[in-house]
Amino acid sequence: MSKAKIFNFLVNAFLMIMALSMILVFVVLIIGSFKPNSDLLKIPDGFLNLDFTLDNYKAVFSKLDFLRVTFNSMFLAVIRVVVVLYTSAIAAYVLEKMEFKGKHLLFAAILSTMMIPWTVTLVPKYQLMSWFKWLNSYNALIIPFLFDTFGIFMLKQFLNGIPDYFVEAGRIDGASEFYIFHRLVLPQMKGGLASLGILKALDCWNDFMWPYLVLNRPEKFTLPIALKSLSNSYWNDFSWMLTGITISMIPVVILYLFFKDKLIEGMAFAGTAN
C-alpha cells in the first residue's frame with residue numbers, strides 16, 4: 001500500500017472517529033432527556049436501561065415560560081441578523097468596489113479588531129450600557145452588535161468573486177452608488193448573505209454570557225439564560241438540563257435543514273474568491 005493511500009486512510013479514519021464522537025454527544029443528549037435524573041447518576045447501567053419518561057419535558061415546560069424566552073431569543077436573532085446583514089453588506093461593498101484614499105488601511109484596522117478577545121471588551125461594553133441606562137433592555141442586546149467585523153470580512157471576500165462590470169455598467173449609465181448597491185450588487189450576494197445570516201443567527205441563539213450580564217428581569221430572559229435557571233449552586237437536575245437543551249436545539253436543526261445548501265454554497269464561494 002502506497003504512502004498516499006495510508007495517509008488517506010488515516011485521515012478518513014480520524015474524521016470518522018470525530019464524526020462518531022459528535023453524533024454520540026447528540027445521542028446521549030436526546031436519550032438523557034427521557035431519563036430520570038437518578039438514572040443519569042448511575043452511568044452506564046442507569047443510562048442503558050429501558051426506563052424512559054416524559055416527566056422531564058412536563059417539568060421543564062411547567063418551570064420555564066418557554067414561549068416567552070423562545071420569543072425573546074427569536075426576536076433578538078431576527079433584529080440582529082437583519083441589521084448585521086445590511087451593515088456588513090454595505091461596508092463590504094464600499095471596501096471592495098469603491099476606490100478612496102486609505103481604503104486598505106481602513107480594512108486592515110477593521111480586521112485588527114478581530115484579534116481582540118471578546119472577553120476584553122465585556123467590561124467597557126457593560127460600563128457603556130450602564131451609562132446609557134440600557135441595562136435590562138433590548139438596547140443592550142442589539143445596539144452593541146449592529147456591526148460585525150467577521151461579517152464585513154466574509155462579504156468582502158464574497159464580493160471579490162463578483163465581476164466589476166456590474167458596478168462599472170451602472171456607473172457608466174449614471175446610476176448612484178446607492179442604486180448600484182441595492183439593485184445590481186445586493187441581488188448577487190444572496191448566497192453570502194444566507195451563509196452569514198445563518199452563522200449570526202446561531203451566534204445570537206446560543207449567546208449566554210452577554211445577556212447573562214446585562215439582564216436580570218425574567219421577562220427579558222433569552223433561552224440560554226432560562227436554561228441556566230434549571231440549576232443552581234446547590235442542586236442540579238441533569239435530566240432537566242438535557243431536556244431544555246434538546247428543546248432549544250429544535251429551531252437550530254430546522255434552520256440548518258432548510259438552509260444548509262445556501263450555507264455551504266456561500267462559504268465555498270467566499271473561500272474560493274480571488
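Just so you know, all these numbers are worked out from the coordinates, no wet-lab data involved. What you see is a predicted model, and the numbers here were worked out from it, not measured in a lab. Positions of Cβ are generated from backbone atoms using ideal geometry, with glycine treated the same way; all protein chains shown enter the neighbour counts.
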Kindly state, to the nearest 0.05, the FRET efficiency for K125 paired with R217, given R0 = 30 Å and r defined as their beta-carbon distance. 0.95
Fully extended contour minus Cα-Cα distance, from V252 to F208, at 0.36 nm per residue: 14.3 nm
In nm, to one decimal, how far is the V28 label point from the F61 one, both placed 7 Å along Cα→Cβ? 2.8 nm
Build a GNM of the chain with springs between Cα atoms under 10 Å: which of F221, F208, F52 gets the top mean-square fluctuation? F52
Where does the longest stretch of the chain lie that holds no trypsin sites (Lys or Arg not before Pro) found in a DSSP loop with 14 or fewer other Cβ atoms within 10 Å? 134-274
How about the range 75-141: which chymotrypsin sites (Phe, Trp or Tyr not before Pro) there lie in a loop by DSSP and see at most 16 other Cβ atoms within 10 Å? F100, F132, Y138
Rounded to the nearest 500, what is the 222 nm mean residue ellipticity of the chain from helices alone, with -39500 (n - 2.57) per DSSP H run of 4+ residues and division by all residues? -22000 deg cm²/dmol
Please find, in a Gaussian network model of the chain (springs between Cα atoms separated by less than 10 Å), the residue of D51, D261, D203 whose mean-square fluctuation is greatest. D51
Inter-label distance, nm, simple model (7 Å from Cα along the C-beta direction), F100/I6: 5.8 nm
State, to one decimal in nm, how far the label point of L15 lies from the label point of I264, with both points 7 Å from Cα in the Cβ direction. 1.2 nm
Filter the cross-link list K63/K133; K103/K125; K125/K220; K125/K190; K200/K262 down to pairs whose alpha-carbon distance in this structure exceeds 22 Å. K63/K133; K103/K125; K125/K190
Stokes-Einstein D for the range 65-272, Kirkwood Rh over Cα pairs, 20 °C, 1.002 mPa s (µm²/s): 112 µm²/s
